[in-house]
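Q: I have a structure I would like to understand better, so I am pasting it below and will then ask my questions one at a time.
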Amino acid sequence: MTTVRSTPLSPQEARAIPELAGGWPLIGHLLDFQKDPVSLLSRGWRERGDLFRFRLGPREFVLFTGPEAHDCYFRAPEDQLHAKDVYQFTVPIFGRGVAYDVAPELMAEQVGFLYPALSEAAMRRFVRIMFEETWQFADALGEDGEVDLPHAMNELTVKIASRCLLGEEVRAQLDAGFAEAYHELQNGINTLGFFFPNFPIPAHRSRDRARRKVEDLFSRIMAERRHSGAPADDMMQTLMHARYKDGRALSDNEITGVLLTALFAGQHTSAVLATWTALELQRAPSYLARVRDEVQDVYREAEAMSFESLKSQVTLEHAIRECERLHPPLILLVRKVLKPLHYKDYILSPGTLAMVSPAVSHRLPHLFADPDRFNPDRFAPPASEGKQHHYALISFGGGKHRCIGEHFAYMQLKAIWTVLLDRFDFSLDTEFPEPNYGSWVTGPREPCRVRYRRRPQASIFR
Ligand code: HEM
């Protein structure tokens with residue numbers, strides 16, 4: 001059976017979409033979903049296959065699982081599977097007139113402005129910043145101690161993102177207010193806000209104050225840049241030069257909104273994947289030794305750390321890819337069906353919420369051998385399990401809304417763990433942490449503290 005038919009499926013011919021068993025009256029599967037959405041949805045795939053429906057309270061959801069289903073999901077045009085309605089909770093954070101507040105074509109134009117800021121030439125500059133920030137971070141750790149890993153990775157990736165994406169001036173203002181405002185914006189993402197983004201609760205009021213504060217800060221920086229004419233190489237500057245198709249420049253509010261979109265999409269997700277990478281590597285000592293050997297090999301030859309040297313670290317890259325597979329930071333992507341959507345012999349009706357789950361799809365045993373095992377070599381030839389289908393791995397989404405920052409994220413994670421694994425040994429005294437499904441980006445359950453000790457060998461860096 002394929003998704004492509006010579007004649008369209010009529011509603012009379014369509015089969016009923018299989019339903020996940022075990023839902024309760026009124027609430028459906030809400031309780032199990034809140035507890036552990038991945039176990040619930042994985043059961044659904046095992047029992048019902050690549051398309052099944054379930055209810056969370058009054059809302060009907062349908063999950064698409066596996067490459068063929070992902071293909072249908074990501075290819076569907078925006079007027080059929082719609083992201084905008086689902087992401088309304090981001091509007092007070094990113095601001096009016098940008099991203100999910102505007103028509104999809106306009107959002108695409110705004111996101112498109114970011115591409116030049118992520119070009120290879122830009123990445124070469126960013127890599128230097130990634131190393132510099134990680135060196136400073138490593139210096140501050142001292143000889144040994146204990147660190148709250150998710151917090152540490154959050155702090156480091158905020159510094160890197162603020163310098164690369166927002167600019168040196170914002171980086172300089174981190175402790176003088178920006179970090180706090182960013183934190184208040186992040187707290188604006190909560191379950192109530194998902195349904196009622198403007199409900200008058202303290203968290204939403206702080207979020208709105210923080211949004212105004214960030215716009216004031218960014219506007220001041222842009223005014224100074226325009227006044228001094230000093231060149232800068234970051235996303236903010238790229239957006240200041242950008243023009244819409246009709247020749248119009250972006251307003252300060254729009255630039256602030258697009259920058260916040262990139263920051264929100266890229267920072268916390270990177271911090272979480274960096275955390276999982278360290279956790280998995282410290283419990284796989286033989287693979288960790290290979291990562292370190294590769295660092296020695298690459299940097300014995302290379303004169304200094306660079307874009308090229310980072311790119312050549314495939315052993316580390318496969319470890320990160322494996323963490324992306326086992327612990328995708330975004331476990332669910334959601335769209336609203338606006339026009340009937342056909343898949344195989346099924347039709348999804350308008351109003352349904354359609355989902356894919358990287359966390360469920362990345363553990364399909366017919367795609368990934370022994371899927372629960374950490375085995376980065378699955379991405380090396382001959383297995384090359386990630387290449388069997390372009391939608392086998394979907395942590396960075398697909399189709400029109402596919403992530404634009406995957407390369408940035410990988411370079412950043414590689415720079416961080418190249419430096420930190422060269423300097424320190426890490427160990428986890430507690431059990432390997434379970435995922436925390438209570439947060440919109442799925443990191444390990446906290447507290448998640450690791451011990452570190454400076455390695456006796458002389459560092460090959462600096
Ligand atoms: C590990 C790190 C990251 C992960 C797992 C990730 C994941 C994703 C996913 C799944 C989407 C699609 C969302 C959807 O379809 O609903 C997305 C979109 C996006 N990502 Fe990333 N991302 C990461 C890092 C970054 C970085 C570093 C940046 C910026 C430099 C970035 C910028 C964006 C933007 C702007 C979009 C929206 C694209 C659009 O809707 O057209 N991401 N990301």
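The values are calculated or read from the model by the stated rules, or taken from the named source; none is laboratory data. It should be emphasised that the depicted structure is a prediction, and the values quoted were computed from it without experimental measurement. Methodologically, a virtual Cβ is constructed for each residue, glycine included, from the backbone with ideal geometry; neighbour enumeration extends over all protein chains shown. Side chains included, ligands, DNA and RNA excluded: accessible areas come from the protein's heavy atoms. Shrake-Rupley method; radii C 1.70, N 1.55, O 1.52, S 1.80 Å.
Q: Are there helices (runs of 4 or more DSSP H) fully within region 1-114 with at least 3 residues that are farther than 20 Å from His401 by Cβ? List them.
A: Per the criteria, 30-35, 37-48.
Q: Another one. Tell me, yes or no, whether region 400-414 has at least one residue that is open to solvent by 30 Å² or more (accessible area, probe 1.4 Å), within 12 Å of the ligand (Cβ to nearest atom) and hydrophobic (A, V, I, L, M, F, W, C).
A: Yes, some residue in region 400-414 is open to solvent by 30 Å² or more (accessible area, probe 1.4 Å), within 12 Å of the ligand (Cβ to nearest atom) and hydrophobic (A, V, I, L, M, F, W, C).
Q: Among Ala262, Ala319, Ala289, Ala278, which is within 12 Å of the ligand (Cβ to nearest atom) and part of a helix (DSSP H, G or I)?
A: From the options Ala262, Ala319, Ala289, Ala278, the qualifying one is Ala262.
Q: Now, a different point. Count, please, the residues in region 200-254 that happen to be open to solvent by 60 Å² or more (accessible area, probe 1.4 Å) and part of a loop (DSSP other than H, G, I, E, B).
A: The total comes to 6.
Q: Further question on the same structure: Starting from residues that are under 14 Å from Val356 (Cα atoms) and touching a residue at least 24 places away in the same chain (Cβ under 8 Å), keep the ones in region 29-49 and report whichever is surrounded by the most Cβ atoms within 10 Å (Cβ to Cβ).
A: Leu41
Q: Then there is this: Among Val127, Val102, Val147, which is within 29 Å of Thr442 (Cβ to Cβ), touching a helix residue (DSSP H, G or I) at 6+ places or on another chain (Cβ under 6 Å) and more than 10 Å from the ligand (Cβ to nearest atom)?
A: Working: Val102 fails: touching a helix residue (DSSP H, G or I) at 6+ places or on another chain (Cβ under 6 Å); Val147 fails: touching a helix residue (DSSP H, G or I) at 6+ places or on another chain (Cβ under 6 Å).
Just one listed residue meets the conditions, Val127.
Q: In region 128-191, which helices (runs of 4 or more DSSP H) lie fully inside it and hold 1 or more residues that are touching a residue at least 60 places away in the same chain (Cβ under 8 Å) and within 21 Å of the chain's Cα centre (by Cα)?
A: Answer list for region 128-191: 149-161, 179-187.
Q: Quick check, is Ala76 farther than 23 Å from Glu308 by Cβ, open to solvent by less than 40 Å² (accessible area, probe 1.4 Å) and not polar (S, T, N, Q)?
A: When the stated conditions are applied, Ala76 passes them.
Q: With respect to the numbered conditions (1) more than 16 Å from the ligand (Cβ to nearest atom); (2) over 19 Å from Val291 (Cα atoms), which one is the sole condition not fulfilled by Ser384?
A: Just one mismatch for Ser384, condition (2).
Q: Against the conditions (1) open to solvent by less than 30 Å² (accessible area, probe 1.4 Å); (2) more than 16 Å from the ligand (Cβ to nearest atom); (3) of a type in the set (Gly, Ala, Ser); (4) in contact (Cβ under 8 Å) with a residue 40 or more places away in the chain, where does Ala271 fall short? Just the number, please.
A: (2)
Q: While we're here: Output the residues belonging to region 280-319 that are crowded, with 20+ Cβ neighbours inside 10 Å and farther than 19 Å from Arg378 by Cα.
A: Val295, Val298, Met305, Leu310 - these are the residues of region 280-319 that are crowded, with 20+ Cβ neighbours inside 10 Å and farther than 19 Å from Arg378 by Cα.
Q: Taking into account only those residues within region 415-432 that are within 18 Å of Ala138 (Cα to Cα) and aromatic (Phe, Trp, Tyr), which is farthest from the ligand (Cβ to nearest atom)?
A: So, considering only residues that are within 18 Å of Ala138 (Cα to Cα) and aromatic (Phe, Trp, Tyr), the one farthest from the ligand (Cβ to nearest atom) is Phe424.
Q: Every residue in region 50-60 that is surrounded by fewer than 16 Cβ atoms within 10 Å (Cβ to Cβ) and without any contact (Cβ under 8 Å) to a residue 40 or more places away in the chain, please.
A: Gly57, Pro58 - these are the residues of region 50-60 that are surrounded by fewer than 16 Cβ atoms within 10 Å (Cβ to Cβ) and without any contact (Cβ under 8 Å) to a residue 40 or more places away in the chain.
Q: Here's another thing I want to ask about it. Restricting region 323-352 to residues that are within 16 Å of the ligand (Cβ to nearest atom) and not aliphatic (A, V, I, L, M), which is most open to solvent (accessible area, probe 1.4 Å)?
A: The extreme case among them is Lys336.
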